[in-house]
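*Asks:* Got a structure for you, questions after.
The values are calculated or read from the model by the stated rules, or taken from the named source; none is laboratory data. Quick caveat: nothing in here was measured; it's all calculated off a predicted structure. Because the Cβ atoms are built from the backbone with ideal geometry, glycine has one as well, and the counts that use them run over all protein chains shown. Just so you know, the surface numbers come from the protein's heavy atoms only, side chains and all, with ligands and any DNA or RNA stripped out. Shrake-Rupley method; radii C 1.70, N 1.55, O 1.52, S 1.80 Å.
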2 protein chains.
Amino acid sequence: MQTEKAKTKPADDKREKLLEAALGLFETRGYDGVAVPEIAAKAGVAVGTVYRYFETKDALVNALYRSLKQSYNTAVLAPIEPGLPTREIFSLYWQRMTLFARENPRAIRFMDLHHHGAYLDDESRALSKTYAKAAESFVRDGRRRGDIRDLDPVMVVALMWGAAAGLTKFSASGSLKFDAHASDAMEDALWRAIAND
Amino acid sequence: MQTEKAKTKPADDKREKLLEAALGLFETRGYDGVAVPEIAAKAGVAVGTVYRYFETKDALVNALYRSLKQSYNTAVLAPIEPGLPTREIFSLYWQRMTLFARENPRAIRFMDLHHHGAYLDDESRALSKTYAKAAESFVRDGRRRGDIRDLDPVMVVALMWGAAAGLTKFSASGSLKFDAHASDAMEDALWRAIAND
DNA sequence: CAGAAATGAATGAACGTTCATTCATATCGG
DNA sequence: CCGATATGAATGAACGTTCATTCATTTCTG
């Protein structure tokens with residue numbers, strides 16, 4: 001039904017334009033700080049059109065959250081060649097995280113700001129669980145092999161997400177350049193933080 | 001005029017009750033997610049009373065932000081005995097941060113959520129600057145002495161605040177116990193992340 | 001020209017803010 | 001001491017505005 005052919009099918013895809021506009025607004029001001037008519041204006045459509053594509057404002061944020069979290073999960077949790085050493089698996093995960101963060105800083109800020117919103121539905125929340133589970137199993141495996149120190153997996157997730165989100169936010173405020181070099185320097189620091197020896 | 005004698009002077013200090021109620025509400029739902037009448041209700045006063053103590057809703061958040069950030073700065077940036085080795089200065093700062101975070105988790109979440117709010121005035125923002133300056137000078141000194149690796153001070157701040165805020169948030173969601181042991185484990189990890197050798 | 005898509009004025013609920021009114025307490029005159 | 005008077009903290013109904021949402025109408029499209 002959706003995205004069947006690429007031939008100017010849905011005119012100019014207002015749904016996509018609405019999600020894009022919503023991201024640009026929600027990312028800095030949050031769900032309650034943005035009015036629906038403003039989203040419509042930024043997307044270049046009338047207010048009523050918003051409700052042709054989304055049942056409610058809640059449905060719109062959830063669709064946006066799901067879309068971004070889905071992309072993020074797909075990018076970061078892509079299959080990893082079996083048998084790789086822990087250090088290289090770590091590097092791969094971190095590279096994927098920061099590549100995504102540098103290409104989609106607004107997505108990172110939006111997710112960081114809305115992770116705990118009461119308007120998120122069960123399906124949106126489920127995507128966060130998927131990510132947490134994957135992260136925890138990486139830490140558990142690394143510990144089993146003796147490569148990672150005796151740390152609570154949740155602490156490692158807190159450290160890594162905090163670092164990536166922090167770099168993204170400080171980069172947005174201009175006090176830091178979040179380039180490949182910064183990413184590598186942080187990878188080095190983070191690995192020292194969690195590695196044995 | 002205020003706090004002259006301890007004799008039931010300001011009745012039950014409604015200003016304090018309003019700030020306390022506002023913290024409990026803003027901390028999870030953010031500035032735009034909370035209505036003034038709701039704050040009044042939680043504080044046990046009438047709506048109009050809010051405006052006897054604060055000119056606007058904006059003034060209320062700013063007063064709250066200033067009060068919390070002030071407490072935080074005072075606790076963390078207290079004078080440090082001169083001549084202490086970098087490792088011990090680091091430990092002291094981290095201990096102060098996590099002690100404050102564990103005693104005032106709502107303050108941490110509130111600050112983390114409102115740091116970049118457009119409603120914050122210059123005086124509120126100035127308090128963030130004070131903190132950033134202190135953190136940067138610690139990193140610079142440590143680097144000069146050769147104890148800290150060649151890292152952007154902003155990256156160290158991102159790492160440390162991210163870790164403390166992350167622990168606070170995951171602790172609130174029940175997936176982690178933010179006790180003295182967790183704090184010590186994280187201190188160890190963070191020091192490995194930034195230390196030379 | 002028929003059906004789908006898009007529009008934006010209209011709607012009622014909820015928002016931040018105001019202010020006429022109340023009333024417990026303080027001050028005073030005798 | 002006591003009744004009269006003055007005070008200002010506290011109240012909550014009411015105000016204008018803005019919000020999310022609806023829907024009668026117009027504009028596209030095949």
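*Asks:* Answer yes or no: is there a residue in the range B:118-135 that is touching a residue at least 24 places away in the same chain (Cβ under 8 Å), open to solvent by less than 50 Å² (accessible area, probe 1.4 Å), within 30 Å of residue B:56 (Cα to Cα) and not in a helix (DSSP H, G or I).
*Replies:* Within the range B:118-135, one or more residues are touching a residue at least 24 places away in the same chain (Cβ under 8 Å), open to solvent by less than 50 Å² (accessible area, probe 1.4 Å), within 30 Å of residue B:56 (Cα to Cα) and not in a helix (DSSP H, G or I).
*Asks:* Another question, then. Out of the range A:50-97, which residues are within 16 Å of DNA strand D (Cβ to nearest atom), more than 14 Å from chain B (Cβ to nearest Cβ), open to solvent by less than 50 Å² (accessible area, probe 1.4 Å) and not polar (S, T, N, Q)? Outline the logic, then answer.
*Replies:* Taking the range A:50-97 as the starting set, the residues that turn out to be within 16 Å of DNA strand D (Cβ to nearest atom) are A:50-65.
With more than 14 Å from chain B (Cβ to nearest Cβ) added as a condition, the list becomes A:50-56, A:59-60, A:62-65.
Add one more test, that the residue is open to solvent by less than 50 Å² (accessible area, probe 1.4 Å), and what stays is A:50, A:54, A:59-60, A:62-65.
Passing the criteria: A:50, A:54, A:59, A:60, A:63, A:64, A:65.
*Asks:* Which of (1) more than 16 Å from DNA strand C (Cβ to nearest atom); (2) more than 28 Å from residue B:27 (Cα to Cα) does residue A:50 not meet, given it meets every other one?
*Replies:* Condition not satisfied by residue A:50: (1).
*Asks:* Give the residues of the range B:136-161 that are open to solvent by less than 40 Å² (accessible area, probe 1.4 Å) and part of a helix (DSSP H, G or I), sorted by residue number.
*Replies:* Of everything in the range B:136-161, those that are open to solvent by less than 40 Å² (accessible area, probe 1.4 Å) and part of a helix (DSSP H, G or I) turn out to be B:138, B:139, B:142, B:153, B:154, B:155, B:156, B:157, B:158, B:159, B:160, B:161.
*Asks:* Tell me which of these residue A:103 doesn't satisfy, since it passes every other one: (1) farther than 21 Å from residue A:20 by Cα; (2) surrounded by fewer than 14 Cβ atoms within 10 Å (Cβ to Cβ); (3) without any contact (Cβ under 8 Å) to a residue 40 or more places away in the chain; (4) not polar (S, T, N, Q).
*Replies:* Going through the list (1) farther than 21 Å from residue A:20 by Cα; (2) surrounded by fewer than 14 Cβ atoms within 10 Å (Cβ to Cβ); (3) without any contact (Cβ under 8 Å) to a residue 40 or more places away in the chain; (4) not polar (S, T, N, Q), residue A:103 breaks only (1).
*Asks:* While we're looking at this one, here's another question. Restricting to the range A:28-45, and then to whatever is within 11 Å of DNA strand C (Cβ to nearest atom) and either touching a residue at least 40 places away in the same chain (Cβ under 8 Å) or open to solvent by 60 Å² or more (accessible area, probe 1.4 Å) (or both), can you tell me which residue is farthest from the other protein chains (Cβ to nearest Cβ)?
*Replies:* Here the residue is A:44.
*Asks:* Give me the pairs: first residue in the range B:47-60 and farther than 10 Å from residue B:18 by Cβ, second residue in a helix (DSSP H, G or I) and within 8 Å of DNA strand C (Cβ to nearest atom), beta-carbon distance under 6 Å, and six or more apart or on different chains, which are they?
*Replies:* Hits for this filter: B:47/B:37; B:47/B:40; B:57/B:36.
*Asks:* Still on this model: For the range B:150-173, indicate whether the set of residues that are among the charged types (D, E, K, R) and over 14 Å from the mean Cα position of the chain (by Cα) is non-empty.
*Replies:* Within the range B:150-173 (the criterion being among the charged types (D, E, K, R) and over 14 Å from the mean Cα position of the chain (by Cα)), the answer is yes, since at least one residue qualifies.
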